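A short worksheet on the structure shown next.
The values are calculated or read from the model by the stated rules, or taken from the named source; none is laboratory data. What you see is a predicted model; the values in this text were computed from it and never measured. Positions of Cβ are generated from backbone atoms using ideal geometry, with glycine treated the same way; all protein chains shown enter the neighbour counts. Accessible surface areas use protein heavy atoms only, side chains included; no ligands, DNA or RNA. Shrake-Rupley method; radii C 1.70, N 1.55, O 1.52, S 1.80 Å.
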Amino acid sequence: MKTDEFPLALTYNDVLLLPRRSSVRSRAEVDTSTFLTKELRLGIPLVSANMDTVTESTMAIAMARLGGIGIIHRFMEIERQANEVKRVKRAEAYAISNPYTIKPTSSVAEAKEIMRDTGVSGLLVVDDSMKLLGVVSKRDVRFTKDDAKPVTEVMTPREKLIVAHEGVTLAEAMELLNKHRLEKLPIVDQNDVVKGLITAKDVERFVNPSKAAKDSQGRLLVGAAIGVRGDYLERAKKLVDSEVDVLVVDVAHGHADHVLETVKKVKSLFPNVPVIAGNVATAEGTEDLIAAGADAVKVGIGPGAACTTRLVTGVGVPQLSAVMWCAEAAEKHGVPIIADGGIRNSGDITKALAAGASTVMIGSLFAGTDESPGYFIVRDGIKYKAYRGMASLGANITRRLLDKMDINPEDVAQIVPEGVESVVPYRGSVSEVVSQLIGGLKSGMSYLGARNLEELRKNAKFVRITALGAQESYEKLQAW
Ligand code: XMP
């Protein structure tokens with residue numbers, strides 16, 4: 001290769017977007033909805049990264065409620081990952097198909113314990129054949145003096161309960177809840193066997209729809225990552241059985257024969273589940289993943305805050321160019337691109353989407369929130385949370401332990417990490433972080449006269465800036 005054949009590749013800080021004439025008067029007029037895959041729609045273009053210091057069920061629930069999505073990481077036992085998916089799918093629904101129940105012989109103390117552990121405010125009292133005998137609510141048990149007595153003594157018995165029958169429509173359920181001022185409406189068949197439960201809270205969410213990202217049954221959307229080795233197909237199957245909405249075939253170098261094979265295999269085994277594949281940073285990589293069946297392509301080799309791939313291997317592409325090259329290739333097939341890694345502020349999100357990405361995946365900016373796994377650490381009076389690259393030494397050791405591999409010193413010495421373990425500042429709730437990021441994105445869109453992401457892409461004109469331009473842009477007074 002000759003020197004003059006080197007293409008120039010740029011990253012977010014190398015460019016700015018030109019302001020354009022705009023008729024947008026306020027951020028409220030700006031719509032940030034987008035597609036994660038060809039079919040899955042999101043209200044905001046943010047995805048929390050499948051990393052063990054970023055996304056488990058708590059983060060995924062919060063992200064979906066805000067209109068984005070979380071991808072549950074895969075560095076845990078298959079059963080546990082499947083349970084994390086189930087927790088998200090159970091967090092909200094128009095009707096709960098397996099409501100929590102209690103036996104008539106159970107005590108008030110047991111009822112209190114189940115309510116505390118599950119966070120629900122009422123339990124259906126059922127016999128061994130799931131026949132409805134009554135409902136015991138928090139109110140019924142709150143002031144009982146004798147916790148040892150059976151729940152049947154404090155419950156509302158079946159004859160006093162209003163119930164609905166299988167096939168009840170939402171409008172009918174709403175009318176019953178309203179008319180009788182109910183909190184809970186059990187659904188039973190003609191033999192009084194429990195078939196589900198509708199709660200006033202769930203119906204309320206339906207009547208006042210939020211921006212939450214949901215499936216057709218009103219349940220929150222969630223994704224989960226799988227690898228390409230070992231028991232990955234068993235993992236995929238368990239996740240699909242848990243009704244995951246999207247699988248992410250996640251490896252550092254996605255443009256590899258065995259990854260393409262994996263994508264093909266997963267698509268043929270689970271044709272109804274969308275598959276995101278990555279990571280790549282070239283048009284060829286994107287084309288090959290799409291040809292293998294990918295429903296979205298994840299882009300980013302080395303831009304992440306905890307990544308050392310470029311240092312260790314000398315390989316990578318500055319992220320803005322990677323996104324542009326891949327988006328151009330994917331557009332022909334109508335396949336969305338996820339810009340993964342290197343997002344340091346809301347301006348980077350605007351640039352990534354203007355460059356053709358449909359969503360951005362975020363690790364470090366979300367790792368410091370309440371919803372990420374783990375507790376905060378205090379150092380010199382300042383709060384932090386742990387954040388580590390999934391190819392860091394510690395993450396490699398965790399993976400070896402999970403795979404029941406040896407971790408004697410010689411084996412550990414063979415590991416060549418491509419990521420670091422660090423801490424990030426504690427940032428409070430993820431909803432506050434997302435609100436700032438989306439607010440910034442919407443302002444950016446209004447500077448370009450864009451009311452939606454399609455108009456953002458159409459109106460985007462980048463300018464390349466110099467080191468002094470970057471200094472003027474980013475080196476500001478420190479807040480005090
Ligand atoms: P940010 O910048 O949002 O990036 O923290 C998150 C993305 O970083 C990638 N990632 C890694 N890349 N070595 C790498 O080269 C690693 O150890 C590593 N861990 C995570 C990943 O794509 C993630 O979504």
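Here the Karplus curve 6.51 cos²θ - 1.76 cosθ + 1.60, taken at θ = phi - 60°, turns the phi angles of region 384-391 into couplings of 9, 10, 6, 9, 9, x, 7, 10 Hz, with x standing for Gly and Pro. For region 259-411, the extents of the C-alpha atoms along the principal axes are 52, 41, 34 Å, listed from largest to smallest. State log₁₀ I(q)/I(0) for region 376-465 at q = 0.12 Å⁻¹ as given by the Debye formula over alpha-carbon point scatterers of equal weight, solvent excluded. Values, matching the q order: -0.71.
Ligands, DNA and RNA aside, Trp325 has an accessible area near 90 Å² when probed at 1.4 Å. Across region 373-383, computed HN-Hα scalar couplings (Karplus, 6.51 cos²θ - 1.76 cosθ + 1.60, θ = phi - 60°) run x, x, 9, 7, 10, 10, 10, 6, x, 10, 8 Hz from first to last residue, x flagging Gly and Pro.
Placing a label point 7 Å from the Cα of Glu39 along the Cα-to-Cβ direction, the residues of region 247-279 whose backbone N falls under 19 Å from that point are 247-249, 263-277. Helix-only arithmetic for the chain: the sum of -39500 (n - 2.57) across DSSP H runs with n ≥ 4, divided by the residue total, places the mean residue ellipticity at 222 nm at -10000 deg cm²/dmol. Length gained on full extension, Ser210 to Arg20: 65.3 nm, using 0.36 nm per residue less the C-alpha separation. Dipole magnitude for the chain: about 1320 debye, using +1 per Lys or Arg Cβ and -1 per Asp or Glu Cβ, origin at the Cα centre. Over the C-alpha trace of region 223-303, radius of gyration and Dmax come out as 11.6, 34 angstrom.
For the chain, what is the Kirkwood estimate of the hydrodynamic radius, computed as the reciprocal of the mean inverse distance between distinct Cα atoms, to one decimal in Å?
On the way: mean 1/r = 0.0407 Å⁻¹.
Answer for the chain: a Kirkwood hydrodynamic radius of 24.6 Å.
Based on Cα contacts under 8 Å between residues 6+ apart, the chain shows a relative contact order of 20 percent.
Over all orientations, region 412-480 has a Cα convex hull whose mean projected area works out to 9.4 square nanometres.
Between the Cα long axis of helix 232-241 and the first principal axis of the chain there is an angle of about 40°, rounded to the nearest 10.
The DSSP beta bridges internal to region 181-278 are antiparallel in roughly 45% of cases.
Residues whose amide H lies under 5 Å from that of Gly278, counting only those 5 or more places away or on a different chain, are Val249, Val251, Lys298; hydrogens are built 1.01 Å from N in the peptide plane. Across the options Ser22, Ala111, Thr58, the greatest Cα extent toward the positive end of the charge dipole of region 1-111 (unit charges at beta carbon of Lys, Arg, Asp, Glu) belongs to Ser22. Here the Karplus curve 6.51 cos²θ - 1.76 cosθ + 1.60, taken at θ = phi - 60°, turns the phi angles of region 464-479 into couplings of 7, 10, 8, 4, 6, x, 5, 4, 4, 6, 10, 8, 10, 4, 6, 5 Hz, with x standing for Gly and Pro. Semi-axis lengths, largest first, of the ellipsoid equivalent to region 101-207 are 24, 16, 11 Å, with √(5λ) applied to each eigenvalue of the Cα gyration tensor.
How fast does region 198-257 diffuse by Stokes-Einstein, in µm²/s, taking the Kirkwood radius from C-alpha pairs at 20 °C and 1.002 mPa s?
Numbers: Rh = 13.9 Å.
Result for D is 154 µm²/s.
Summary of the geometry: region 269-294 and region 404-480, compared by the centres of their Cα atoms, lie 24 Å apart. To the nearest 0.05, how large is the calculated FRET efficiency for Glu331 and Thr152 if R₀ is 60 Å and r is the Cβ-Cβ distance? According to the calculation, E is roughly 0.40.
Computed over protein heavy atoms with a 1.4 Å probe, the accessible surface of region 101-207 works out to 58 Å² per residue.
For Met51, the residues 5 or more places off, or on other chains, whose built amide H falls under 5 Å of its own are His73.
Applying 1/(1 + (r/R0)^6) with r as the Cβ-Cβ distance of Met405 and Ile377 and R0 = 35 angstrom yields a FRET efficiency of 0.75.
Rg to Rh ratio, region 1-133, alpha-carbon atoms and Kirkwood radius? Let's see the in-between values first.
On the way: Rg = 24.0 Å, Rh = 20.0 Å.
Result: Rg/Rh = 1.20.
Amide H to amide H distances under 5 Å link Lys383 with Tyr426, where only residues 5 or more positions off or on other chains count and H is placed in the peptide plane. Farthest toward the positive end of the dipole of the chain, out of Gly341, Ser129, Ala256, is the Cα of Gly341, where the dipole comes from beta carbon charges about the Cα centre. Legend: residues Phe366, Phe376, Phe462, sorted from most to least accessible area (1.4 Å probe; ligands, DNA and RNA excluded), read Phe376, Phe462, Phe366.
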